[in-house]
Amino acid sequence: MVASAVRRPAAILLLLCFLGLGSGVLEYLHNLQHEREDAAEAQVARAAGLPQQPHKTHDETNCEFHAQLHVPMLSAGWVPLLVLLGVFVAYLTTLARPLVGQRIPLRIDCRGPPLS
Ligand SMILES: [Zn+2]
């Protein structure tokens, strides 16, 4: 009872993280944050009478959070190894089981020798 009560919030949190990453909601919210920051900087520059800055692009090269959003969860080098392991296990399960010798009695005491 206690273990499931502890696991459930962790599972829900993990599910929310995967949904946020997989659906792109986190990246959308982060892009909105960049737009808000850029608009605030432009407004400060306009109020100070400075010239307008060109529109900045935010990507992995200039934003650490963007880089973390786009990093692969599984290194590409492990994928062929995992596929080959799966194929090897599938091959092993198709092998025929070896025949095991069975002992055949030559004589059954209560019935006499078997007819052959
Ligand atoms: Zn960013």
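Details
- Count of residues meeting criterion [assigned to a helix (DSSP H, G or I), within 16 Å of the ligand (Cβ to nearest atom) and open to solvent by less than 100 Å² (accessible area, probe 1.4 Å)] in the stretch 54-113: 5
- Filtered residue count, the stretch 25-53, keeping only those that are more than 10 Å from the ligand (Cβ to nearest atom) and out of contact with any helix residue (DSSP H, G or I) (no Cβ under 9 Å at 6 or more places or on another chain): 16
- Some residue of the stretch 33-50 being assigned to a loop (DSSP other than H, G, I, E, B), open to solvent by 90 Å² or more (accessible area, probe 1.4 Å) and either at negative phi or among the aliphatic types (A, V, I, L, M) (or both): yes
The values are calculated or read from the model by the stated rules, or taken from the named source; none is laboratory data. Quantities reported herein were computed from a predicted structural model and do not represent experimental measurements. We place every Cβ from the backbone using ideal geometry, glycine too, and count neighbours over all the protein chains shown. Note: areas computed on protein heavy atoms with side chains; ligands, DNA, RNA excluded. Shrake-Rupley method; radii C 1.70, N 1.55, O 1.52, S 1.80 Å.
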